[in-house]
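Trainee: Structure incoming, see below.
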Amino acid sequence: MSSIFSKIIAREIPARIVYEDDHMIAFLDINPVNPGHTLVVPKNEQPNVLESSEEDLVQVLRVVRLLAPAIVKAVGADGFNTVTNTGEASGQSVPHTHFHIIPRFLNDGHMPWAHASMSAEALDAVATKIKQAL
Ligand code: AMP
């Protein structure tokens, strides 16, 4: 295993680890969006959520639910985003499944994506294509 996160798991490089068990690790993001920004990572290295096992993803969300309230409390946040990026177009930079917990503060300037309006016909067409692709 060779990702930078596997190197953290193996203690080959340092990180500010805030949680660890047999299957999962969580540590502070080295370039945080806001203070307390934490990455929750399965120890089983897979390139993204589509490749990780269902069990690993269940464990990820268990740790997210455990950690998020502690992070919010620790940094006095007003809320948080949970995000996982998949693929270059999404902004994924580390090919090892991970979920971000990003503490949010009212008026912190990190606005979510801009939403666009779409016609009912276009929405219907996309929904049909997705159902056909399943
Ligand atoms: P993503 O862009 O979704 O793949 O997220 C990867 C995240 O890993 C980024 O937010 C980086 O800041 C973070 N990161 C990269 N290297 C390290 C490291 N050595 N320790 C902690 N976080 C890191």
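Trainee: Which is buried (at least 16 other Cβ atoms within 10 Å of the Cβ), of a type outside the set (Gly, Ala, Ser) and in contact with a Phe, Trp or Tyr (Cβ under 6 Å, 6 or more places away or on another chain), of Val49, Val41?
Mentor: After applying the criteria, what remains is Val41.
Trainee: Output the residue which, of all residues in the range 88-106 that are within 9 Å of the ligand (Cβ to nearest atom) and of a type in the set (S, T, N, Q), is most open to solvent (accessible area, probe 1.4 Å).
Mentor: So, considering only residues that are within 9 Å of the ligand (Cβ to nearest atom) and of a type in the set (S, T, N, Q), the one most open to solvent (accessible area, probe 1.4 Å) is Ser93.
Trainee: When only residues in the range 68-84 that are open to solvent by 40 Å² or more (accessible area, probe 1.4 Å) and within 14 Å of the ligand (Cβ to nearest atom) count, which is farthest from Asn34 (Cα to Cα)? It would help to see each step written out before you state the result.
Mentor: Let us first name the residues in the range 68-84 that are open to solvent by 40 Å² or more (accessible area, probe 1.4 Å), namely 69-70, 73-76, 78, 80-82, 84.
Narrowing the set further to residues that are within 14 Å of the ligand (Cβ to nearest atom) leaves 81-82, 84.
Numbers: Asn81: 11, Thr82: 13, Thr84: 16 Å.
The qualifying residue farthest from Asn34 (Cα to Cα) is Thr84.
Trainee: Shifting gears a bit: Is there any pair with a first residue in the range 95-124 that is over 26 Å from Asn31 (Cα atoms) and a second that is open to solvent by 60 Å² or more (accessible area, probe 1.4 Å) whose Cβ atoms are under 9 Å apart and which are 6 or more apart or on different chains, and what are they?
Mentor: Met118/Val126
Trainee: Identify all residues within the range 26-38 that are open to solvent by 30 Å² or more (accessible area, probe 1.4 Å) and of a type in the set (A, V, I, L, M, F, W, C); write none if there are none.
Mentor: Answer for the range 26-38, where residues must be open to solvent by 30 Å² or more (accessible area, probe 1.4 Å) and of a type in the set (A, V, I, L, M, F, W, C): Leu28, Ile30, Val33.
Trainee: I've got another one for you. Those residues that are touching a residue at least 60 places away in the same chain (Cβ under 8 Å) and not in a loop (DSSP other than H, G, I, E, B), I need them from the range 35-53; list them, please. Before you say what the answer is, go through the steps one by one.
Mentor: Going residue by residue through the range 35-53, those that are touching a residue at least 60 places away in the same chain (Cβ under 8 Å) are 35-40.
Of everything in the range 35-53, those that are touching a residue at least 60 places away in the same chain (Cβ under 8 Å) and not in a loop (DSSP other than H, G, I, E, B) turn out to be Thr38, Leu39, Val40.
Trainee: In addition: Are any of the residues in the range 53-67 in contact with an Asp or Glu (Cβ under 6 Å, 6 or more places away or on another chain), farther than 30 Å from Gly109 by Cβ and surrounded by 12 or more Cβ atoms within 10 Å (Cβ to Cβ)? Break it down into steps so the answer makes sense when it comes.
Mentor: As a first pass, look at the range 53-67 and keep what is in contact with an Asp or Glu (Cβ under 6 Å, 6 or more places away or on another chain): none.
Taking every residue of the range 53-67 in turn, none turns out to be in contact with an Asp or Glu (Cβ under 6 Å, 6 or more places away or on another chain), farther than 30 Å from Gly109 by Cβ and surrounded by 12 or more Cβ atoms within 10 Å (Cβ to Cβ).
Trainee: With (1) in a helix (DSSP H, G or I); (2) within 14 Å of the chain's Cα centre (by Cα) as the list, and Thr97 as the residue in question, which single condition is left unmet?
Mentor: (1)
Trainee: I would also like to ask the following. Could you check the range 14-24 and list, in sequence order, the residues that are over 18 Å from Ala74 (Cβ atoms) and in a strand (DSSP E or B)?
Mentor: Kept after step one, since they are over 18 Å from Ala74 (Cβ atoms), are these residues of the range 14-24: 14, 21-24.
Hit for the range 14-24 is Met24, nothing else.
The values are calculated or read from the model by the stated rules, or taken from the named source; none is laboratory data. Just so it is clear, the model here is predicted, and its values are computed rather than measured. Don't worry about glycine lacking a Cβ; one is built from the backbone with ideal geometry, like all the others, and counts go over all protein chains shown. Accessible surface is based on the protein model in full, side chains and every heavy atom, while ligands, DNA and RNA are left aside. Shrake-Rupley method; radii C 1.70, N 1.55, O 1.52, S 1.80 Å.
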